Amino acid sequence: MNPPSSVTQLSSHPIHLHDWPHAPAHRTQQAGAYMVTSGTYQKALLFSSPESLTLLSNSLFDLAEAYTLQLQAWAVFANHYHLIAECPNPQNLKKFIRHLHSSTAIAINHRDSAPGRKVWHQYWESHLTFQRSYFARLSYVHQNPVRHRLARTPSSYPWCSAAWFEKKATPAFFKTIMSFPTDKLEIPDNFDP
């Protein structure tokens, strides 16, 4: 997008456009693993019932398959979610998120008789290019229900991949991932009401 001509004429110096500060930039040009975090508008607890959490989870699973994303980890909560997915076609990630947000917003607004209400606020994605970063984020997503004090163990929270991961991974790999340090990660996760 080019700046308006009035902007370019203010100075003889070249203009270097930067990302707008009010929203995250979305850079999904390369295939690979991505971590995505998204929250509801004003942190509203719109998915607080078991039925609505299941709706959001099932939508996530169905659409990930439709857009050929391979889910590696997920955690769904009343006002946000985290996921890690392998994206062979990175353009599908944006399409997936748009579809997920629009379909779940329509469904939850229908349930609450609140047509047109803004449901989702923003999302952030990170392209995971280093193994240690990938492992740390896997640990973070799997353990997020405990971090938010919604479960005593990650595997006991039904809307999270921890129980699935524990069943599918070798015991050694499960132990490695679950013990991976996450304290230095910078992940937008200030969703406690």
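No lab work stands behind these numbers, since they all come straight from the coordinates. Here the structure is a predicted model, which is why all the values come from computation and not from measurement. Note that each Cβ is placed from the backbone with ideal geometry, even for glycine, and that neighbours are counted across all protein chains shown.
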At a 10 angstrom cut-off on C-beta neighbours, averaged per residue, how do the peptides 55-67, 76-88, 165-177 rank from highest to lowest? 76-88, 55-67, 165-177
Cross-link reach list, lysines versus Lys167, counting only Cα pairs under 16 Å and skipping chain neighbours closer than eight places: Lys175
Sequence-distant lysines (8 or more away, or on other chains) whose Cα lies within less than 26 Å of Lys95: Lys43, Lys118
√(5λ) per eigenvalue of the Cα gyration tensor, the range 129-193, largest first, Å: 18, 17, 8
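Given that compact globular proteins tend to follow 2.2 N^0.38 Å, what is the ratio of the alpha-carbon Rg of the range 29-178 to that value?
Values: Rg = 15.1 Å, N = 150, 2.2 N^0.38 = 14.8 Å.
Rounded to two decimals, the normalised Rg is 1.02.
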